[in-house]
Number of protein chains: 2
Amino acid sequence: MKSGLSFLIAARKCEIDELDQLARTSDLVGLIARLVHALQRERGMSNVFLASRGVRFAEQRDPQIAECLALEQEVRAGFDQLETEAHPGATAGNSARLFSRIAWVLPGLDGLPALRRRIGALELTPAQATAAFAKLVAGLLAVVFEAADGATDPEISRLLVAMFNFMQGKEFAGQERAFGAASLALGRSDEAQRQQWLHLIELQERCFQVFTDFSSSGVLALWHQSQSDPVMAEIERQRRMSVSPAQAASACVPDARLSQAWFDWCTRRIDAMKTVEHRLAADLRELCARKTAQARGELQKYQEVLGNLAPQPEGAVFFDDADTRATEPAQYGRHLERSVLDMVQEQSRRLQAMSDELETVRASLNERKLVERAKGLLMAHRRMSENEAHKMLLQTAMNQKRRLVDVAESMLAMADYLPLDAAPRR
Amino acid sequence: MKSGLSFLIAARKCEIDELDQLARTSDLVGLIARLVHALQRERGMSNVFLASRGVRFAEQRDPQIAECLALEQEVRAGFDQLETEAHPGATAGNSARLFSRIAWVLPGLDGLPALRRRIGALELTPAQATAAFAKLVAGLLAVVFEAADGATDPEISRLLVAMFNFMQGKEFAGQERAFGAASLALGRSDEAQRQQWLHLIELQERCFQVFTDFSSSGVLALWHQSQSDPVMAEIERQRRMSVSPAQAASACVPDARLSQAWFDWCTRRIDAMKTVEHRLAADLRELCARKTAQARGELQKYQEVLGNLAPQPEGAVFFDDADTRATEPAQYGRHLERSVLDMVQEQSRRLQAMSDELETVRASLNERKLVERAKGLLMAHRRMSENEAHKMLLQTAMNQKRRLVDVAESMLAMADYLPLDAAPRR
């Protein structure tokens, strides 16, 4: 029969396993960040390429695609490794959800060659190409989201939440780059377009707010440095010209030079963001390594105490504060037993505190979950595709000038009143 | 490189692993329920034995102790099995917390022989013996609580929550049996005693309320049947006599016959409760088996689809609703790909729904967590032992005639105003 101390050790080993798993997931998140960055560049180039009917970025596309392919191989290898090492039996809390997200995004990666052929043959509009890349990036971000949501250590979870929000904010910035470049190249401007541009700015800002809330001062310094004044000034100027109705009307002619300039300024901004992502990924690696080393050190301490214990501890100190032993003198064996009980209590309190803190960190992910849930509701009740559901929520938010999450919340609150649409979806 | 479908399968395998782990934990919970029942009987006997200065229950104690020992061996074997099978690597979400609870309770089991010797030698008061057994049972219940809190399947979690609350309610009923038997045997009655008796009744009722909220109609029928009218009428009569100030004063003489009668009626009630516990444990086993079989069936279905898939799926259907393929005709391969994507989406939605439902079920465990957190706060700020912290919360609740959880919540809300006591604890 095993002693209490063996279970104290078993608990520590579980924590170490979880930390090891988190370290692998964190590495994967770093890789995904690099792939997403490359795909964002490819999306931007593809848009300008399509909008200019194959004139601009024709040469730069190929090396960009090659870079994407190389990173894609690394990410796929990371997925495979996660799956191999996870089986049989080594499952952390949310592995099923994480794998389900990976299962969702892989067909998207499989579909990239066909997508690229069609872009090369100018068979798609810029909007179609943007939508396709955005869907793929959203799938990759969902993997990062699940990694953040499933982390069992609050400090690591904080960093993953910061990382996810930074990546998501950067993705909105990337969407804005592509959207703006295509708009300026086509010289089209209407109210819907202005609204969507504004919406992309707002979404970015919310993400970067969560990111700053969860980041260290070192990361924040890098972030402020990356958003340098001259670049941001140019971007803000173009934003103002494009989203204010009066000015937009006057600028409503196709302007390849303007489109290129916008694209370049945004690229400078987004490339600078990459340094923050690198730093976050490095911090994540360092934190995982430090936490694991610390847990292994504690484990060793426990094992030393176990070595010093008498083979058959009496365990009677357990009942000390039930007042049954108040009169007995202290002995060496009892002292050791007491120190084991103290270690157990300390561990128990630490695990409880971790679990409380984890709950607080995860609460920041709830907004996205609410939106996902509202989408699921629409998909079930109105037989919509995910894309349609998202558009409907977005349109409602823009019409009512409310935040997406508030619309989602109202919708969920009214769930019981929604009729179940019996019409088949396809 | 693995396909999306392999990860769909990996996600299912993770779920199956978790279900297998839950089945083992559920078996353990059933064993713990039987051990707790036996310890509760031993506590009751020990109390009457001590209160009667070794006259009553002298003969029945030994066979009861033997039964406890046999069950203790089974529970210890269950703990050991959990630890062996959990390592290396096979860690479910809360294994660390579960093991930490086991580490806490094992020294209590180790201390039982010494406790029994001291009871046999009449070295303890009934109150001391009750406190010691209650602490041990609380430790065992904490293991069950952690099992309920860590379950990853909402249906199983519901049953575990029902089981935990039933066991906890039954424990309060057991404490009431011991408390009442000792009070009546000693013939002592004062306001504090009446308050504690009332408190034990209230705590029971809250637990049984949660249990009924989370139970099937079959279990509820058994529960109502177990609380038969004649037994409950006798118990309620004695409660009324003991907790109403006027009547209690007149009954304030040692009465061995009354103590024995109370003990016997309560025993009939608690023994009848055992059938509910058995039923819950059986339901839990059956549910785990059914869920596992169902998940294995789904897994097989996926594997068959995987066998039918072309070796190099093109994956282009992923971008269908990004409007890039609207004009292409459907083909067999695309049809199959679409069905895989549908399976992924269905799985993803199911996992999300499970996670939402799980959150709802777990919310019912929050009250206990709040109380634990408030205790932790008191222990840290006032340098109290856990026992002292619990008594202080309880006393405040009784003085202010508020629920324990409300006192805990107020205390946590004021956490920032609590001074940190610098005096050493020991």
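The values are calculated or read from the model by the stated rules, or taken from the named source; none is laboratory data. Note that this is a predicted model, so its numbers are computed, not measured. Reconstructed Cβ throughout: ideal geometry from the backbone, glycine too, with neighbour counts over all protein chains shown. Areas reflect the complete protein model, heavy atoms only, side chains present, ligands, DNA and RNA absent. Shrake-Rupley method; radii C 1.70, N 1.55, O 1.52, S 1.80 Å.
Some points to look at:
- Packing around the peptides B:43-50, B:401-408, taken as the average count of other Cβ atoms within 10 Å per residue, puts them in this order, highest first: B:43-50, B:401-408.
- Cβ-based charge dipole, chain A, positive-most Cα from A:119, A:360, A:394: A:119
- Total charge dipole magnitude, chain A, about the Cα centre, Cβ charges on Lys, Arg, Asp, Glu only, Debye to nearest 20: 1720 debye
- Using a 7 Å Cα-to-Cβ projection, residue A:356 label spacings across copies, nm, ascending: 3.0
- Computed as a quarter of the hull surface, the mean projected area of the alpha carbon convex hull for chain B stands at 27.0 nm².
- Semi-axis lengths, Å, the stretch A:366-412, gyration tensor of Cα atoms, sqrt of 5 times eigenvalues: 15, 12, 8
- Calculated mean residue ellipticity at 222 nm for chain B: -28500 deg cm²/dmol, from DSSP H runs with n ≥ 4 weighted as -39500 (n - 2.57), summed, divided by the residue count and rounded to 500.
- Counted charge near residue A:100, where neighbours are those whose Cβ lies closer than 11 Å (Asp, Glu -1; Lys, Arg +1): +2
- Nearest-0.05 FRET efficiency for residue B:117 and residue B:232, computed from C-beta distance (R0 35 Å): 0.40
- Net charge contributed by nearby residues that have their C-beta within less than 13 Å of residue B:343 (K/R +1, D/E -1): 0
- Sequence ranges B:220-232, B:375-387, ranked by mean other-Cβ count within 10 angstrom, highest first: B:375-387, B:220-232
- Burial ranking of peptide ranges A:124-137, A:279-292, A:171-184 (average Cβ count within 10 Å, highest at the top): A:171-184, A:124-137, A:279-292
- Exercise: per-residue mean of other protein chain Cβ atoms within 10 Å, A:341-353: 5
- Most mobile of B:256, B:272, B:121 in a GNM of chain B (Cα contacts under 10 Å): B:121
- Using a 7 Å projection from Cα along Cα-to-Cβ, the label point at residue B:307 is separated from the same position in the remaining copies by 5.3 nm, smallest value first.
- Inter-chain shielding of B:14-21 (mean C-beta neighbours from other protein chains, 10 Å cut-off): 5
- Simple rule: put +1 on each Lys or Arg Cβ and -1 on each Asp or Glu Cβ in the protein assembly as shown, find the dipole, and look at B:29, B:174, B:96; the Cα lying farthest toward the positive end is B:174.
- Remark: mean inter-chain Cβ contacts per residue of B:143-153 equal 1, using a 10 Å Cβ-Cβ cutoff to other protein chain atoms.
- Cβ-derived FRET efficiency at R0 41 Å, residue A:355 paired with residue B:217, nearest 0.05: 0.75
- Share of carbon and sulfur in the accessible heavy-atom surface of the protein assembly as shown [1.4 Å probe, %]: 55 percent
- Pairs of Cα atoms farther than 24 Å apart, the stretch B:1-111, %: 45 percent
- Using the Cβ of residue B:261 as centre and a radius below 10 Å, the other residues enclosed give a net charge of -2, where K and R count +1 and D and E count -1.
- Semi-axis lengths, largest first, of the ellipsoid equivalent to the stretch A:187-284 are 30, 15, 10 Å, with √(5λ) applied to each eigenvalue of the Cα gyration tensor.
- Computed on chain A, with alpha-carbon pairs under 8 angstrom and 6+ residues apart, the relative contact order is 20 percent.
- Across the copies of the chain, residue A:237 has label points (7 Å from Cα along Cα→Cβ) spaced 9.5 nm apart, shortest distance listed first.
- Think of the protein assembly as shown as having a plus end and a minus end, set by charges on the Cβ of Lys, Arg, Asp and Glu; of A:317, B:235, B:55, B:235 sits farthest toward the positive end of this dipole.
- For the protein assembly as shown, the dipole from Cβ point charges (+1 on Lys and Arg, -1 on Asp and Glu) about the Cα centre works out to 740 debye, to the nearest 20.
- Size of charge dipole - the stretch B:368-417 - debye, nearest 20, with Cβ of Lys, Arg +1 and Asp, Glu -1, no other charges: 140 debye
- Ignoring lysines fewer than eight residues from residue A:291 along the same chain, the ones with Cα atoms less than 16 angstrom from its Cα are A:13, A:301.
- Association of chains B and A removes close to 7800 square angstrom of accessible area from solvent, both sides included, for a probe radius of 1.4 Å.
- HN-Hα J in Hz across the stretch A:351-357 - Karplus 6.51, -1.76, 1.60, θ = phi - 60°, x for Gly and Pro: 4, 5, 4, 4, 5, 5, 5
- Per the Debye calculation on the protein assembly as shown with a single equal scatterer at every Cα and no solvent contribution, log₁₀ I(q)/I(0) for q = 0.06, 0.07, 0.09 Å⁻¹ amounts to -0.49, -0.64, -0.95.
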